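The values are calculated or read from the model by the stated rules, or taken from the named source; none is laboratory data. The structure displayed is predicted, hence computed values, not measured ones. When we count neighbours, we look across all protein chains shown, and the Cβ atoms used for this are built from the backbone with ideal geometry, even at glycine. Heavy atoms of the whole protein, side chains included, go into the accessibility calculation; ligands, DNA and RNA do not. Shrake-Rupley method; radii C 1.70, N 1.55, O 1.52, S 1.80 Å.
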Amino acid sequence: MTRLLIVYHSMTGGSRQMAEAAATAAKAEVKTVLKRARDTGPEDLLEADGYVFCTPENLAAIAGGMKDFFDRCYYPVLGRIEGRPYVQMICAGSDGENAARQIARIAQGWRLREVQPHLIVCTHAQKPEEILAPKTIGQDQLLLCRELGAAMGAGLAMGAF
């Protein structure tokens with residue numbers, strides 16, 4: 001059975017909500033595995049047919065927990081997952097583009113295929129207390145996450161990518 005792996009890191013809940021929304025929609029189409037980055041290893045990547053990577057942007061970069069996932073998994077799967085499709089979602093306070101560029105660069109090294117443009121959800125958190133506070137992602141933004149998950153699931157199920 002076709003398998004979608006959704007890997008996420010979240011400290012304040014925003015990325016978790018986004019990943020869960022994508023997973024809920026994707027499950028209607030394919031077997032979907034939702035895993036925290038810290039619990040995901042190379043074997044999870046090897047068992048999947050496609051990926052959704054979801055992370056907060058911290059200090060204009062991918063969050064440390066997601067970076068750790070990529071650091072642990074990069075070389076063990078290098079040359080073994082080429083051509084598989086991926087998409088990414090970023091939870092950012094203001095921009096998110098640099099985190100998206102970083103993930104795209106890692107995916108390029110793995111020779112993955114980006115099959116949808118990245119999705120950035122902006123929380124507009126700018127002050128320390130806002131940045132560190134638990135996040136609630138709005139329904140309109142969660143709808144975009146569900147649409148991304150559904151499209152990824154459908155594309156995998158149909159063999160479109």
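Derived scalar couplings between HN and Hα for the stretch 17-32 equal 4, 5, 5, 5, 5, 5, 5, 4, 6, 5, 4, 5, 10, 9, 5, 10 Hz in order, rounded to whole Hz, by the Karplus curve 6.51 cos²θ - 1.76 cosθ + 1.60 (θ = phi - 60°), x for Gly and Pro. Between Leu78, Ala107, Ala151, the Cα set farthest toward the positive side of the dipole of the stretch 63-161 (charges on each charged residue's Cβ, about the Cα centre) is that of Leu78.
Its residue count N fixes a reference of 2.2 N^0.38 Å for the stretch 77-121, and the Cα radius of gyration divided by that reference is 1.20. Computed from backbone phi with θ = phi - 60° and the Karplus coefficients 6.51, -1.76 and 1.60, the 3J(HN,Hα) list for the stretch 78-84 is 4, x, 10, 10, 4, x, 6 Hz; x is used for glycine and proline. Residues whose amide H comes within less than 5 Å of that of Glu114, counting only those at least five positions distant or on another chain, are Tyr86 (H built at 1.01 Å from N in the peptide plane).
Between the listed residues Ala25, Cys54, Ala160, the Cα displaced farthest toward the positive end of the dipole of the chain, a dipole computed from Cβ unit charges relative to the Cα centre, is found at Ala160. Charge dipole of the stretch 1-70 (Cα centre as origin; +1 on each Lys and Arg Cβ, -1 on each Asp and Glu Cβ, all else neutral): 160 debye, rounded to the nearest 20.
Percentage of Cα-Cα pair distances in the stretch 1-153 greater than 22 Å, rounded to whole percent? Taking all Cα-Cα pairs of the stretch 1-153, the fraction more than 22 Å apart is 32 percent. Rounded to two decimals, the Cα radius of gyration of the stretch 26-83 over 2.2 N^0.38 Å is 1.19. Dipole magnitude for the stretch 14-161: computed about the Cα centre from +1 point charges on Lys and Arg Cβ and -1 point charges on Asp and Glu Cβ, it is near 220 debye. Across the stretch 1-51, Cα-Cα distances exceeding 19 Å account for 23% of all pairs. Candidate cross-link partners of Lys67 among the aspartates and glutamates, defined by an alpha-carbon separation under 12 Å and a same-chain spacing of 8 or more, comprise Glu57.
Split the accessible area of the stretch 91-154 by element, probe 1.4 Å, and carbon with sulfur accounts for 55%. In loop segments of the stretch 2-50 as defined by DSSP, there are no GluC sites (Glu not before Pro) with at most 14 further C-beta atoms inside 10 Å of their C-beta. One way to sum up the overall shape of the stretch 73-161 is the equivalent ellipsoid from its Cα gyration tensor, whose semi-axes run 27, 18, 9 Å, largest first.
The aspartates and glutamates within cross-link reach of Lys27, meaning a Cα-to-Cα straight distance under 13 Å and a gap of 8 or more places when in the same chain, are Glu147. Where only DSSP H runs of four or more residues are counted, the chain gives -14000 deg cm²/dmol as its mean residue ellipticity at 222 nm, each run worth -39500 (n - 2.57).
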